[in-house]
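These notes concern the structure reproduced below.
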Amino acid sequence: MKILVLGLDCAAPELLLGYEDLPHIRRLMDVGCYGRLESVIPPITVPAWMCLATSQDPGSLGVYGFRNRTDHSYSGLGIASSRSITEPAIWDHLAREGKRSIIVGVPPGYPPRRINGLAVSCFLTPDTDKNVFTHPPELSEEIRRLVGHYPVDVQGFRTEDKAWLRDAIFAMSRTQFQVVRHLLQTREWDYFHFVDIGLDRVHHGFWKYHDPQHVLHEPGSPFAETVHDYYRHLDEEIGRVLELLADDTIVLLVSDHGAQRLDGGFCVNEWLVREGLLVLKCYPKAVTPFAQLDVDWAKTRVWSEGGYYARVFFNVKGREPQGTIDPAEYARFRDEIQAKFEATTDRDGKPMGTLVFKPEEVYHRVKNVAPDLIVHFGGLYWRSIGGVGYPTIHVLENDTGPDDCNHAQFGAFILAASQSPLHGEVTGAHLLDIAPTLMDLAGYEVPETMQGRSLAAGARGASPDDAGYDPDDETIIRDRLSGLGYIG
Ligand SMILES: [Zn+2]
C-alpha cells in the first residue's frame, strides 16, 4: 500500500484546519482524521522533520537545531546536514522490505540521501545549478531539463521587499510541485515524502499582516491576505496531486511545528553579562555577534546561542577548556540558572512565561553535545538574540533581518487512509507518532526502536503504549508540559 506524505512546513493548526475555503484539504479531513500535532522540543525544522521520519526525539538523534556544538570547545558549532542523522528513517525501514521511496526537500536533505529510490535535497543545498542535489545524480539534470532552475529556497527571504518575496515563494512552490507531479507520474514508489518550505517562509515574512495581535500589525495592508492565499495555493496543488494517486493510497498532510506571532527578541547574552554569568574582557561599542566578542572564559559560567530558542551552555571544569563550574556543583547550579530563566520578565516587568528544559528530562537519550538548558523565551513569543551591545534586554528588531513569527509547539496533521480506524478529530497526537502510524496503517510491523506509537493501534483498542514511551516517562513529560501551558 502506497504512502504519500505532503509536508507543510510550519502549517498552523488554526489555519490549516480552520480555513473553510480549502476544498481538497476539507475533503481529506472529511474522509480521514485530523488534529493538532505536538512537536518536539525545540519545535524547529531541523531536527523536527527527521524526528517525524525516524520517530526519534532530538536528543536521540543528537541534533538540537540547525547549529550544534561539535565538541566542548568554545567555537565548535557545526551546521546539521543529512549526514548528521544516523538513525534509520521510515524509508530505510521500508527499504529492508524491498520498498522504494522518493523524498523531496526533507530537511536536512543535503548532501542528497542515498536511499532505495530517489532523493531531491532540501533548502540547505548551496546551489542547485552547480551542485548535484539528487540521488541518483542524473536526476539533477532531468529536473533542470523539466523546470530550468530548481529553487530550494528564496534567497534573502528576510527582506522588506514583500511583493518580490511573495511572488518568489509562490513561484518556488509551484516549481517544486511540478517536480513532485513529474516524479509521481514517471517513477515507481511505495513511500513518497515532500516538504513544502514555502509555507514556513510565508509565515515568517507575512505574519504581521495576517495577525492583528502582532506588535507590528499593519491594518489594511496589501499583504493582509498573503498567508491565506498561500493556503489556497497549497490546496490547489494538493488537489492536482490527489488526482494522480491510486484510491487506496494513504495520504498525510502534516507540519513539523506551528506558527505564532513574534513579540520581539530577548537579548540572552546581554542579560547573562548583566547577571555576571558571562564575562567579557571588553564590552563592545556596537552590537556584536557572540562569536566576535572577547569573552573572558576563565571568569564566564554561562553563555548562549541565539535563534528561535536559546541553547544555553555551562562552562564546566574538566569539560570545557577553561571551565569554571565545579562538576559537583553542576546540578545545583543548573537548577539555579533554570529558576533565573523562568523568572525573566517582559518590558513591563511581568513574567514572560519562559519555558526551560533539561535535555535528559525531555529526551529518551542525550547524544552528542547537548545544550545544558534549552530555553523558550515567553513560550516562543520571543526569540533569543545572541549578540551583545544592545541598550536594552528586550528588542523589537530581529538581529538577522525582518521576521514576523516564531514556531509554535503544535503543528497539525490530516490523515486519509481507506483502512484506517481513525475518523474525525484526534487529540493527543505527537510528531513521533507519525512514522509508526503510517507503517501500521500500511501493514508493516512497527520497529520497536520507534519512540512514538501508532495512533491507529490506540483506536483499535490495543495499549497505546505498546510501541511508545515508557508510561512513567510520558506521564512526567506530559505533566511537565501541561503545567507549563503546552498542553491545554
Ligand atoms: Zn519547519
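The values are calculated or read from the model by the stated rules, or taken from the named source; none is laboratory data. Just so it is clear, the model here is predicted, and its values are computed rather than measured. Counting neighbours? That spans all protein chains shown, and the Cβs are built from the backbone with ideal geometry, glycine included.
The criterion of at least 2 residues that are at negative phi, within 15 Å of the ligand (Cβ to nearest atom) and not assigned by TED's automatic domain parsing to the domain that holds Ser384 is met by the following helices (runs of 4 or more DSSP H) wholly inside region 44-114: 45-54.
Of all residues in region 83-111, those satisfying the criterion of being closer than 29 Å to Arg311 by Cβ and surrounded by fewer than 20 Cβ atoms within 10 Å (Cβ to Cβ) are Arg83, Ser84, Thr86, Glu87, Pro88, Asp92, Pro111. Return yes when Thr128 is in contact (Cβ under 8 Å) with a residue 12 or more places away in the chain and within 25 Å of Tyr363 (Cα to Cα) and no when it is not. No: the conditions fail for Thr128. Within region 378-431, the residues that satisfy the criterion of being in contact with a Gly (Cβ under 8 Å, 6 or more places away or on another chain), away from the ligand (no atom under 16 Å from the Cβ) and of a type in the set (A, V, I, L, M, F, W, C) are Trp382, Ile385, Val395, Leu396, Ile414, Leu415, Ala416, Ala417, Leu422, Val426, Ala429.
Restricted to region 316-342, and to residues there that are touching a Ser or Thr at 6+ places or on another chain (Cβ under 8 Å) and closer than 13 Å to Phe377 by Cα, the residue that is surrounded by the fewest Cβ atoms within 10 Å (Cβ to Cβ) is Glu342. Across region 333-347, a minimum of one residue is classified as in a loop (DSSP other than H, G, I, E, B) and hydrophobic (A, V, I, L, M, F, W, C). Counting only residues that are under 17 Å from the mean Cα position of the chain (by Cα) and within 24 Å of Phe313 (Cβ to Cβ), region 77-106 holds 5 of them. Checking each residue in region 276-301 for being in contact with an Asp or Glu (Cβ under 8 Å, 6 or more places away or on another chain) and among the aliphatic types (A, V, I, L, M) picks out Val279, Leu280, Val287. For region 288-315, enumerate the residues that are aliphatic (A, V, I, L, M) and touching a Ser or Thr at 6+ places or on another chain (Cβ under 8 Å). Those that are aliphatic (A, V, I, L, M) and touching a Ser or Thr at 6+ places or on another chain (Cβ under 8 Å): Ala291, Ala298, Ala310, Val312. When restricted to residues that are without any contact (Cβ under 8 Å) to a residue 60 or more places away in the chain and of a type in the set (D, E, K, R), region 256-299 contains 4.
The number of residues in region 4-43 that are more than 22 Å from His93 (Cα to Cα) and away from the ligand (no atom under 16 Å from the Cβ) comes to 20.
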